[in-house]
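Single-structure report; data block below.
Read the figures in this text as sums done on the coordinates, not as results from a lab. Since we're looking at a predicted model, the values are computed, not measured. Quick reminder, even Gly has a Cβ in these numbers, built from the backbone with ideal geometry, and neighbours come from all protein chains shown.
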Amino acid sequence: MSRTALMVWGGWEGHEPRQCVEKVAPVLETAGFDVRISDTLDVYADAEAMAALSLLVPCWTMGDMLPEQEKGLLEAIQGGVGIAGWHGGLCDSFRNHPAYQFMTGGQWVEHPGGIVDYTVNIIRPEDPVTAGIASAILPCARNAITCTSIRPMRYWPRRRLPATCIHGSRAA
């Protein structure tokens, strides 16, 4: 049985949603997914297309959804479609949609303290992972996210996992 992943990108361009999807899509393909990409939320309202998915990877910062888009998205996840995401593409989306926030388990709030310098110390330069990378001071935006431990079980047919993990019965 083939697995189908849908990557939906858009919203605020500062998180470079299209570029992120272009980098991650080949990773999913290598993992055996047939990857479909959309730059519109209208696909969420297509119940047949959503039910056929194994995995949904939203990469949409801020923005708003129509009621039928939100309904389709939440019903797909409730029905067992997996969801995976990262950073602002998952938890800084649809700020006026509490059901979406409950589904992801949290909502981005702000960058407390703004951009601050962060020191990265490479302590094992001989490791293949860090070979050729020097210690550096990098500008970093800290993130504050409100999280909820109260997730309505109607969204989660399986066990509770962090929002950045793949959820759903068809993603495995």
Test set (1) within 12 Å of the chain's Cα centre (by Cα); (2) in a loop (DSSP other than H, G, I, E, B); (3) β-branched (Val, Ile, Thr) - residue 21 fails condition number: (2)
Pair list, Cβ < 7 Å and 6+ apart or interchain, from segment 116-144 residues that are in contact (Cβ under 8 Å) with a residue 12 or more places away in the chain and closer than 19 Å to residue 86 by Cβ to residues that are among the acidic types (Asp, Glu) and not in a loop (DSSP other than H, G, I, E, B): 144/110
Residue check for residue 108: closer than 20 Å to residue 143 by Cβ, in contact with a Gly (Cβ under 9 Å, 6 or more places away or on another chain) and touching a residue at least 40 places away in the same chain (Cβ under 8 Å): no
Any pair with Cβ under 8 angstrom, 6 or more apart, that starts in segment 43-56 at a residue that is in a strand (DSSP E or B) and ends at one that is of a type in the set (Phe, Trp, Tyr): 55/33
When residues of segment 59-81 are limited to those that are closer than 21 Å to residue 108 by Cα and outside any helix (DSSP H, G or I), the one nearest to the chain's Cα centre (by Cα): 59
Conditions (1) closer than 24 Å to residue 12 by Cβ; (2) among the basic types (Lys, Arg); (3) free of Cβ contacts under 8 Å to residues at least 24 places away in the same chain; number of the one not met by residue 95: (3)
